[in-house]
Amino acid sequence: MPRVSQEQAKLNRQRVVEVAASLFRERGLHGVGVADIMAAAGLTHGGFYGQFANKDALAVEAFDAALNEEYRGTLDNLITNYLSVGHVQTPGKGCPLAALANDIAREPSGSPVRSRFTHGVQRLAGLIADLIPKTSKERRRQRSLANLSTLVGAVVLARAVDDEALSNELLQAARTSVTG
């Protein structure tokens, strides 16, 4: 079997990370295997270990890729987009914090994936704090943590319930809470 060029290997790796970022958010860390990810990326399972040490190493990179899908604009825009029905209905394209919080909570303390998740929480809280009108640094941090908790919690619950009206109510209540 011919070897791929370094450039192609780099593109293949990037594709695997992108696919994994989506699939992990859709199905959870333990709901998708390496073979599924590689197949969805259009590659063979055998090439995985030439690119990644293990599934956890891929999960860390995939989490970073998902988190790097930048939030732009004002706090109101972030809240509107985060608490949208579209975000609820497409977890594979949404925030990895809301999609993976329950899975990450089951990971051992100190695991690379859990550490990366913690960094993601800090990063998004920092972004929200930067968008909050200027008050004391401690007050902005407390508000950003409360807002982040409300946003993530609302999306997690809205995805979990099987009542569309209740799902929408959860999103609206969260919106009112963080903007009121």
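Ordering E7, E107, E164 from largest to smallest accessible area (1.4 angstrom probe), what's the sequence?
On the way: E7 110, E107 20, E164 135 Å².
The ranking, largest first, comes out as E164, E7, E107.
Quote the accessible area belonging to K10 in square angstrom, nearest 10, computed with a 1.4 Å probe and with ligands, DNA and RNA left uncounted.
Here the residue's solvent-accessible area equals roughly 130 Å².
Given 0.36 nm per residue, what is the gain on full extension from T176 to H119 after removing their alpha carbon distance, in nm?
17.8 nm
Calculated FRET efficiency, T74 and A35, Cβ-Cβ r, R0 35 Å, to nearest 0.05? Before the final figure, lay out each step's value.
Numbers: r = 43 Å, r/R0 = 1.21.
The computed FRET efficiency comes out at 0.25.
Can you tell me the dipole magnitude for the chain around its Cα centre, using point charges on the Cβ only (Lys, Arg +1; Asp, Glu -1), in Debye to the nearest 20? Write down the numbers at each step before the final one.
Numbers: 21 positive and 18 negative charges, 125 e Å.
Dipole of the chain, to the nearest 20 debye: 600 debye.
Rolling a 1.4 angstrom probe over the protein heavy atoms, how many square angstrom per residue are accessible across the chain? Walk me through the intermediate numbers first.
Details: 10140 Å² over 180 residues.
Ligands and nucleic acids excluded, the figure is 56 Å² per residue.
What part of the accessible area of the chain, given as a whole %, is carbon or sulfur when the probe is 1.4 angstrom? Walk me through the numbers before you get to the answer.
Values: 5220 of 10140 Å².
Carbon plus sulfur share of accessible area: 51 percent.
How would you rank 90-103, 128-141, 165-178, highest first, on the average number of other Cβ atoms within 10 Å across their residues?
Working: 90-103: 19.9, 128-141: 13.2, 165-178: 16.0.
Packing proxy ranking, top to bottom: 90-103, 165-178, 128-141.
Going by alpha carbons, how many degrees (0 to 90, nearest 10) lie between the helix axis of 137-160 and the longest principal axis of the chain?
Around 70 degrees separate the two axes.
Go through S149, S84, S109 and list them by solvent-accessible area, largest first, probe radius 1.4 Å. Intermediate results must be reported in sequence, preceding the final value.
Numbers: S149 80, S84 35, S109 110 Å².
Per-residue accessible area, sorted high to low, gives S109, S149, S84.
Mind sorting out which of (i) 1.56; (ii) 1.13; (iii) 0.95 is the real Cα Rg over 2.2 N^0.38 Å computed from the coordinates?
Derived directly from the coordinates: (ii).
The values are calculated or read from the model by the stated rules, or taken from the named source; none is laboratory data. Everything quoted here is computed from the prediction, not taken from an experiment. We place every Cβ from the backbone using ideal geometry, glycine too, and count neighbours over all the protein chains shown. Side chains included, ligands, DNA and RNA excluded: accessible areas come from the protein's heavy atoms. Shrake-Rupley method; radii C 1.70, N 1.55, O 1.52, S 1.80 Å.
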